[in-house]
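Take a look at the structure set out below.
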Amino acid sequence: MRLLAVEDEPDLGLLLRDALRHAAFTVDLVTGIQDAEDHLAVAGYDAMILDLGLADGDGLALLRALRRRGAMLPVLILTARDAPEDRVTGLDSGADDYLVKPFHVPELISRMRALLRRPNAALGVVLQVGDLVLDTAARHLTVGGTPLELSLREMALLELLLRRQGRVVTREAIEQALYGFDAAIGSNALEVLVHRLRRRLAEVGAHAAVHTLRGVGYLLAEGT
Amino acid sequence: MKPASWSLAPRLAWRLAAVLVAAIGLAAIAVGWRAIVTARALDDTALQIQVHAVAVHLATAPGGTPLLDLPPALETAFHGGAGDNVFIITTPRDQVRLSSDPAAAALIVPYMPQTDGLFRVPATPAQPEGMVGFVTRFGAWRVAVAQSREQSEVLVRSLLSEFFSTGLVLLSVIGGTAALIGIWTVRDGLRPLRRASVAASRVDPAQPGRRLPDADLPAEVAPLVIAVNQALARLEAALGAQRRFVGEAAHALRTPLAVLTARLDALPESPDAGLLRRDADRMTRLIEQMLRMARLDGQPLDVSKPVDLRAVAIEAISMLAPLALPQGIELALREIGTPAPLTGNHAALVIGLTNLIENAVAHAPRGSLVEVELAAAARIAVLDRGPGVPAAERKAIFERFHRGPVGHVKRDSQMRGATGAGLGLAIVAGVAAAHRGAAWVEGREGGGAAFVLKLGTPADGAEGSCA
């Protein structure tokens, strides 16, 4: 995976580059918009990390120009601007994610991985949490290396939670994804499904668990 | 609170009254003096005429005695009254030769001057007012006429009483009217000032841009109001600069802190590295809160958009669940009824609720439940099973940089470092105030604390967004 990092603070840029290389990404570091344009013109990148306040202009201008040209590569904004409206502006300009400085490097790496897992990124993504590995293309699930068979609904729920692992997925989002808008579902259909999935995972001693946030939704995380 | 003050209108009234009394007094003195002068002039003229009237009929008899043959009318005038008018004929050495009243003449003669002219006789038992006379020389004789001063006194008195009975009433009416007009003018002229003071009482650093109304001001008062407005503008600029500084300082710290965090993240795992990361996180948290506070302070929050409190709660809970779960703390949302439609600021409410949940998670024991309770009447409560907040501290914890006693901080909490900034609850209070609501903490049955965020802008009765 080849990344372009646009960051004009030299220390931060180098730390980022080293950390991302350590996480097995190929990273090109540039410090300005012009540099970034030049690199984007000659090399293909899988994703971009973009600082907003750059010496030769606003990173948002670069992002908008990129999207106008139809470039689909995932972009993560890295910025010191943290007002809610800044976040909205950033996402409206075509960013896929938004991380406010200061941030933890592992957080940045996991978000980059999540971005690269998105549908418009490569197909055949392998999702993983704890000892649970799901090949979404092959619909193949293993727990600690042993294959585990799940029903279609259970599999769909697990994939949904896996794609947003470590984050809350609301009941509404799950119901919509699993049952569609129109299907009349029983009020506790989702509870029953979650209960079944939990039992299946517990039976094989999976090192990952579905947590309930009553009234809100569910969260899949490492641990039991 | 109220300083010893004086009032303009009564003071003006008193001063006008004093001037009026002085004017009336001066006028009375002038009138009286004029009356006296006039009476004297009248005396003078009348007495000269009388002297001449007597002298015309005077002749000298052979043998050197004066011979007076007065017509009956004059005779009556001098002898008819109560001896008020007296004529005296003397030698040049003032020896009385002839008089209408010898007893009176004896009293009068010593006061006659050597030269011709007017003279006065002091009061005597017979003439309590004294007398006034005129003497002139005719041939070998001096002829004098004297009369009681009573007559001129009467004239003066009647003139004065005339003045007091009509003039004084007139002056009083004019003066009273002037005083009333004065008071009314003062009251009326000061009305804009009263408006200005009402506006001044509403000046609040949380709502910059408020100015005293300077329309329709009298020229005497306008400079004060304009000067106050200019002073407000200067203060506001200074306050704004200070707030911007807080915001900019916090903002400027982000980049070096990002470098520090990245460097710490690059360190190999060790207990020391963990502690350093926690310290850096704490600084990050403080800076975030300072920025939020500066933002809340800096500009009036737009609380006019419809908000869905349920969405607010779900967003805040979702944000914190990944932090709470590793600490064995479960988060849940409980809805009691459907919340009334509400206007407010979604982002600010999420921040406020996030701070409440963070606070609860930081104090809740491992394995416990932190509940967000959404009640119908625009009321969000965050309930924990922590140690609770002592009654004495319930107000103070919402103040900026308030630090609770050390014992209240859960020592083993991973979030301890992330919460100790002392701004989180102050931000909650700020968010509540911006929504015309309030934030407070209550005790909870069975132990723990209930932090309540109550909002005061139901969408129906919305009166705009001024908080």
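The values are calculated or read from the model by the stated rules, or taken from the named source; none is laboratory data. The structure displayed is predicted, hence computed values, not measured ones. Here the Cβ is made from the backbone with ideal geometry for all residues, glycine too, and neighbour counts use every protein chain on show. What goes into the accessible areas is simple: the full protein's heavy atoms, side chains included, and nothing from ligands, DNA or RNA. Shrake-Rupley method; radii C 1.70, N 1.55, O 1.52, S 1.80 Å.
Going through region B:265-285 one residue at a time, which ones are within 12 Å of another protein chain (Cβ to nearest Cβ), part of a helix (DSSP H, G or I) and either in contact (Cβ under 8 Å) with a residue 60 or more places away in the chain or open to solvent by 40 Å² or more (accessible area, probe 1.4 Å) (or both)?
B:A266, B:R278, B:D281, B:R282, B:M283, B:R285
What do you reckon, is B:G367 open to solvent by less than 60 Å² (accessible area, probe 1.4 Å) and at positive phi?
Working: open to solvent by less than 60 Å² (accessible area, probe 1.4 Å): no; at positive phi: yes.
No; evaluated as a whole, the condition is false for this residue.
Might you let me know whether region B:303-322 holds any residue that is modelled with pLDDT of 85 or more, in the same structural domain as B:A364 (by TED's automatic domain parsing), open to solvent by 30 Å² or more (accessible area, probe 1.4 Å) and over 57 Å from the mean Cα position of the chain (by Cα)? Please lay out each step first, then the result.
Initially, region B:303-322 is screened for residues modelled with pLDDT of 85 or more, giving B:305-322.
Subset that is in the same structural domain as B:A364 (by TED's automatic domain parsing): B:305-322.
Now narrow it down to the ones that are open to solvent by 30 Å² or more (accessible area, probe 1.4 Å): B:305-306, B:308, B:310-311, B:315, B:319, B:322.
Restricting the remaining residues to those that are over 57 Å from the mean Cα position of the chain (by Cα) gives B:322.
Within region B:303-322, one or more residues are modelled with pLDDT of 85 or more, in the same structural domain as B:A364 (by TED's automatic domain parsing), open to solvent by 30 Å² or more (accessible area, probe 1.4 Å) and over 57 Å from the mean Cα position of the chain (by Cα).
Considering only residues that are more than 14 Å from chain B (Cβ to nearest Cβ) and among the hydroxyl-bearing types (S, T, Y), look in region A:142-184 and name the one that is most open to solvent (accessible area, probe 1.4 Å).
A:T146
Return only the number of the condition from (1) modelled with pLDDT of 85 or more; (2) open to solvent by less than 60 Å² (accessible area, probe 1.4 Å); (3) farther than 30 Å from A:K101 by Cβ that B:L168 does not satisfy.
Failing condition for B:L168: (1).
What do you reckon, is B:P113 open to solvent by less than 50 Å² (accessible area, probe 1.4 Å), closer than 30 Å to B:G64 by Cα and modelled with pLDDT of 80 or more? Lay out the reasoning, then the answer.
Values: open to solvent by less than 50 Å² (accessible area, probe 1.4 Å): yes; closer than 30 Å to B:G64 by Cα: yes; modelled with pLDDT of 80 or more: yes.
Criteria met by B:P113.
Checking the condition farther than 30 Å from B:A27 by Cβ, of a type outside the set (K, R) and open to solvent by 80 Å² or more (accessible area, probe 1.4 Å), which residue from B:P192, B:P125 passes? So that I can check it myself, show each step before the final result.
Values: B:P192 fails: open to solvent by 80 Å² or more (accessible area, probe 1.4 Å).
The match here is B:P125.
Under 7 Å by Cβ, and 6 or more places apart or on different chains, what pairs join a residue from region A:187-198 that is open to solvent by 80 Å² or more (accessible area, probe 1.4 Å) with one that is part of a helix (DSSP H, G or I)?
As it stands, the answer is A:R196/A:E154, since those pairs meet every condition given.
Counting just the residues of region A:77-98 that are open to solvent by less than 20 Å² (accessible area, probe 1.4 Å) and β-branched (V, I, T), which one comes out farthest from the other protein chains (Cβ to nearest Cβ)?
A:I77
Kindly state which strands (runs of 3 or more DSSP E) lie completely within region B:293-406 and contain at least 1 residues that are within 13 Å of chain A (Cβ to nearest Cβ) and within 27 Å of A:A208 (Cα to Cα).
Details: elements: B:305-307, B:330-336, B:342-344, B:369-375, B:379-383.
Because the criterion is at least 1 residues that are within 13 Å of chain A (Cβ to nearest Cβ) and within 27 Å of A:A208 (Cα to Cα), the strands (runs of 3 or more DSSP E) in region B:293-406 that meet it are B:330-336, B:369-375.
Any idea which of (1) among the hydrophobic types (A, V, I, L, M, F, W, C); (2) surrounded by 11 or more Cβ atoms within 10 Å (Cβ to Cβ); (3) part of a helix (DSSP H, G or I) is the one B:F119 doesn't satisfy?
(3)
Residues that are surrounded by 14 or more Cβ atoms within 10 Å (Cβ to Cβ) and modelled with pLDDT of 85 or more: does region B:287-299 have at least one? Talk me through it step by step, then tell me what you get.
Narrowing region B:287-299 to residues surrounded by 14 or more Cβ atoms within 10 Å (Cβ to Cβ): B:287-298.
Subsequent filtering for residues that are modelled with pLDDT of 85 or more retains none.
No, there is no match, as no residue in region B:287-299 is surrounded by 14 or more Cβ atoms within 10 Å (Cβ to Cβ) and modelled with pLDDT of 85 or more.
Going through region B:34-60 one residue at a time, which ones are of a type in the set (S, T, Y) and within 60 Å of the chain's Cα centre (by Cα)? Let's see the steps before the verdict.
Just the residues of region B:34-60 that are of a type in the set (S, T, Y), to begin with: B:38, B:45, B:60.
Hit for region B:34-60 is B:T38, nothing else.
Which strands (runs of 3 or more DSSP E) sit wholly inside region B:1-96 and have at least 3 residues that are free of Cβ contacts under 8 Å to residues at least 40 places away in the same chain and more than 30 Å from B:G175 (Cα to Cα)?
In region B:1-96, the matching strands (runs of 3 or more DSSP E) lie at B:65-68.
Identify, from the list B:T255, B:T261, the residue that is within 12 Å of chain A (Cβ to nearest Cβ), in contact with a Phe, Trp or Tyr (Cβ under 9 Å, 6 or more places away or on another chain) and under 30 Å from A:F103 (Cβ atoms).
Numbers: B:T255 fails: in contact with a Phe, Trp or Tyr (Cβ under 9 Å, 6 or more places away or on another chain).
The match here is B:T261.
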